[in-house]
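The values are calculated or read from the model by the stated rules, or taken from the named source; none is laboratory data. Since the structure is predicted, the reported quantities are computational estimates derived from the model, not experimental observations. Counting neighbours? That spans all protein chains shown, and the Cβs are built from the backbone with ideal geometry, glycine included.
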Amino acid sequence: MATILVVDDDAVIITLAQAALGAHGHRVLEANSGEAAIALFVDEIPDLVVTDIVMPGMDGFALASSLRDDERTRDIPVIFLSGMSSRETRQAAFRVGAADFLPKPFSPEELVHRVANALSRIATSPAATDASDFTGSLAQLSVPSLLNVLELERMTGTLRLTRGEEVVQLSFLEGRLATQSARTKDAVIAAMRPVVQWGYGRFAFQGGTVDGNVLELSVSHLLIETARLNDELR
């Protein structure tokens, strides 16, 4: 099973997470601050990090940003736990590359489920398979997570998403969204608003040369804006 680092200044949360994850065979490391977590990376690199956001000193956002800046840790999935579950907080979490966001209070079963999903995404990512062409199920790798992988790995090629008879195709140039048409970034955001919520379907990425112009639209901004639009429609 996996080695998971749990970072929280609340000892009760760490105990709860250790019991839940340990019962499913995971090895759990603990840290009570962002600084303590960074110190652990000197000797060991975990498979996944579960972290609180608000902590003394280095908070969860700063910790995640630090991991993204280090070549050894940039691909480690980070799941945020927080009692702050506003739209702005969730947007900030995904802006720093969150794999998932779990509001407090949470059930141990939900934490185990979210961790299992994040770990399964590692196994199906292009970095794990060492392939420029890959396919999979959107039930295992969500659309937001898939887009984040393509951006982080600076992939170039064409992504095809299908759900029943619905088909969406996106082009990427070194991890940046590209278009061969005159579509603006606002049009792309509007078109992707329902797609990021697809809970099933298939994806296929084919690496290779792509003709088109890079949009001034990062994946993180796309996800933030589609989340905002979806919140407004609720």
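Here are some residues: LEU40, LEU29. Which one is assigned by TED's automatic domain parsing to the domain that holds ALA118 and within 24 Å of HIS113 (Cβ to Cβ)? One residue alone meets the criteria, LEU29. A count restricted to the range 46-69 and to residues that are in contact (Cβ under 8 Å) with a residue 40 or more places away in the chain and assigned to a loop (DSSP other than H, G, I, E, B) stands at 5. Among the conditions (1) modelled with pLDDT under 90; (2) within 19 Å of ALA98 (Cα to Cα), the only one that TRP198 does not satisfy is (1).
Residues considered: ARG160, ARG154, ARG228, ARG183. Of these, the only one that is assigned to a helix (DSSP H, G or I) and of a type in the set (Lys, Arg) is ARG228. Scan the range 62-83 residue by residue and report those that are modelled with pLDDT under 85 and either closer than 18 Å to LEU147 by Cβ or among the aliphatic types (A, V, I, L, M) (or both). Correct list: ARG74, ASP75. Scanning the range 194-226 for residues that are farther than 20 Å from ARG176 by Cβ and of a type outside the set (Ser, Thr, Tyr) returns PRO194, GLN197, TRP198, GLY199, GLY201, ARG202.
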